[in-house]
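Worksheet: one structure, shown below.
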Amino acid sequence: MRIARRMQEIAPFRVMQILAQARALETAGRDIVHMEIGEPDFESPRPVIEAAMRALRDGQTRYTPAAGLPALREAIADYYARRFAVSIDPARVLITPGASGALQLVLGALVDPGDRVVVTDPGYPCNRHMISQLGGVPVALPVSVDDGYAVRPDALQPLIGEGLRALMLASPANPTGNLIGNAEIAALAAQLRTQPDTLLVCDEIYQGLQYDAPPQTALALGDDNIVVINSFSKFFGMTGWRVGWLVAPEGLVEPLERLAQNLFIAAPTPSQFAALAAFKASTMAILEERREAFRHRRDFLYDALTELGFGIGARPAGAFYLYADIRPFADDGETLCRRLLEGAGVAITPGVDFGAHLAGRHVRFAYTTDLDRLAIGVERIAAWLRTET
């Protein structure tokens, strides 16, 4: 069967392959400690589930407007006002099928064939694949643990020019867990403003999962060349509900809504009604307890892995990942991941999933399982390293 040439640019999402292999080993009777998948292990908060059940009982199963349920768009604007003291017109908020839907809309509205979009390396792998699907050119911008995985203005400057449409950033970031402060984001947005029609796309889907400082949003900067993408998946614990949002400059809203009408009509209706309950005080109390649990997991796993000899750099400030240098033990992350899964029963993700810059010597650990299981995983890794390296 003939496959479109652009599919040659689409690499497999290795973490999903590893998850499938781990599940197959479990089916065969093996006990596997999962530190590969970026999905909270907590069930969705009870108020969210109850809101969905009410919506279903009330027959709320028809399409919403393409831009989303008006009440949810208003609730998100109110969330920014209450939590971040940022005033957002609800008309600038679009509800999407997860953050992935938001990314597709933004890139679809911005990128023509041949246009360039800068992405951090390492970074979320699907970003570069979405750009390639549109005929755009993903331009990797290497970031380093030595700089705290920050984007340096002097490294960005040579990439600014004709055909550049966007810089994509994440804070907190996958796979590194690093934060980018608003002062740094403001400087980058100002730098991009020198090139007409170039936007800064800020991925804030791990917003709320910050452990050493209050969360922040790039919307506080008030810049008209910033698009913010967020999701109910990570902090709010609603991965399978497939509902996210974006906040766009006013002039971009109509094209995004038009594209949404054609790509997916609307985000799932029951999920949107469920998401209304995500901002309730009772839900936020649950989420804050979970954030504290993630902080304890981060501290335990960071201390344990660095004691074993993995190179991580500073303690990551957000998300639920540790991006670790494996050079004391191996030269190839994919091989190490395979051997750990098969030999120790521990599933982790190779760095090559997230880019090319020093990727072969890195792996990602996700602390999305409870402390007891993390402790078992560390014990298994330590025993395996003693005998196999």
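The values are calculated or read from the model by the stated rules, or taken from the named source; none is laboratory data. Small disclaimer: the values here were computed from a predicted structure and weren't measured. Here the Cβ is made from the backbone with ideal geometry for all residues, glycine too, and neighbour counts use every protein chain on show. Heavy atoms of the whole protein, side chains included, go into the accessibility calculation; ligands, DNA and RNA do not. Shrake-Rupley method; radii C 1.70, N 1.55, O 1.52, S 1.80 Å.
Using a probe of 1.4 angstrom, how much of the accessible area of region 1-159 is carbon and sulfur, in percent? Before the final figure, lay out each step's value.
Working: 4150 of 8000 Å².
Ligands and nucleic acids excluded, carbon and sulfur give 52 percent.
Give me the log10 of I(q) over I(0) for region 1-109 at q = 0.12, 0.23 Å⁻¹, as the Debye formula computes it from C-alpha points; what are the numbers?
The computed values of log10 I(q)/I(0) come out as -0.79, -1.26.
Tell me what the chain gives for mean residue ellipticity at 222 nm when only DSSP H runs of n ≥ 4 count, each as -39,500 (n - 2.57), the sum divided by the residue total, rounded to 500 deg cm²/dmol.
Working: 12 runs with 158 residues, N = 389.
About -13000 deg cm²/dmol.
If you count, for each residue, the other Cβ atoms within 10 Å and average over each peptide, how do 266-275, 59-68 line up from highest to lowest? Don't skip to the answer; put the middle values down first.
Numbers: 266-275: 23.2, 59-68: 15.4.
Top to bottom by mean Cβ count within 10 Å: 266-275, 59-68.
Put +1 on the Cβ of each Lys and Arg and -1 on the Cβ of each Asp and Glu in region 183-281; which of Val201, Ser271, Ala218 then has its Cα farthest toward the positive end of the dipole?
Farthest along the dipole direction, towards plus: Ser271.
Mind pulling up the Rg/Rh value for region 199-314? Radius of gyration and Kirkwood radius, both on Cα. Before the final figure, lay out the partial values.
Working: Rg = 17.5 Å, Rh = 16.7 Å.
So for region 199-314, dividing Rg by the Kirkwood Rh gives 1.05.
When averaged across all projection directions, what area in nm² does the alpha-carbon convex hull of region 294-377 cover? Walk me through the intermediate numbers first.
Numbers: hull surface 20.6 nm².
It is 5.2 nm².
Normalising by the residue count of the chain, find the relative contact order in percent from Cα pairs under 8 Å and 6+ residues apart. Spell out each step's value before the answer.
Working: 735 pairs, mean separation 96.7, N = 389.
Rounded, it is 25 percent for the chain.
Taking every pair of distinct Cα atoms and averaging 1/r, then inverting, what Kirkwood hydrodynamic radius in Å comes out for region 204-261? Could the numbers behind the result be given before it?
Numbers: mean 1/r = 0.0775 Å⁻¹.
When all Cα pairs of region 204-261 are included, the Kirkwood radius is 12.9 Å.
Please sort 357-364, 167-174 by packing, taking for each peptide the average over its residues of neighbouring beta carbons within 10 angstrom, highest first. Walk me through the intermediate numbers first.
Details: 357-364: 20.9, 167-174: 25.8.
Most protected by this proxy first, the peptides run 167-174, 357-364.
What is the sum of charges, Lys and Arg at +1 and Asp and Glu at -1, for the other residues whose Cβ falls under 11 Å from the Cβ of Phe365? If you can, show how the numbers build up before the last one.
Details: positive: Arg297, Arg298, Arg364; negative: Glu36.
Cβ neighbours under 11 Å give a net charge of +2.
Tell me which GluC sites (Glu not before Pro) from region 151-206 have a DSSP coil assignment and no more than 13 other beta carbons within 10 Å of their own.
Details: sites: Glu162, Glu184, Glu204; in loops: Glu162, Glu204.
Hits after loop and neighbour filter: Glu162.
With only alpha-carbon pairs counted, each pair once and no self-pairs, how large is the Kirkwood hydrodynamic radius of region 149-194 in angstroms? Don't jump to the answer; show the numbers that get you there.
Numbers: mean 1/r = 0.0879 Å⁻¹.
Averaging 1/r across every pair of different Cα atoms and inverting gives 11.4 Å.
With every protein chain kept in place and ligands, DNA and RNA left out, what is the accessible area per residue of the chain? Probe 1.4 Å, answer in Å².
Working: 16240 Å² over 389 residues.
In whole numbers, the chain has 42 Å² accessible per residue.
When the accessible area of region 183-239 is computed with all protein chains present and a 1.4 Å probe, what percentage of it is carbon and sulfur?
Values: 950 of 1760 Å².
Carbon with sulfur: 54 percent of the solvent-accessible area.
When the scattering of the chain is computed by the Debye formula from its Cα atoms alone, each counted once and equally, what is log10 I(q)/I(0) at q = 0.06, 0.09, 0.10 Å⁻¹?
Debye curve over Cα of the chain, log10 I(q)/I(0) at q = 0.06, 0.09, 0.10 Å⁻¹: -0.23, -0.53, -0.66.
According to the Cα gyration tensor, what semi-axes, each the square root of 5 times an eigenvalue, does the equivalent ellipsoid of region 41-186 have, listed from largest to smallest in whole Å? Kindly include the intermediate steps, with their values, before the conclusion.
Values: eigenvalues 218, 76, 50 Å².
Those come to 33, 20, 16 Å.
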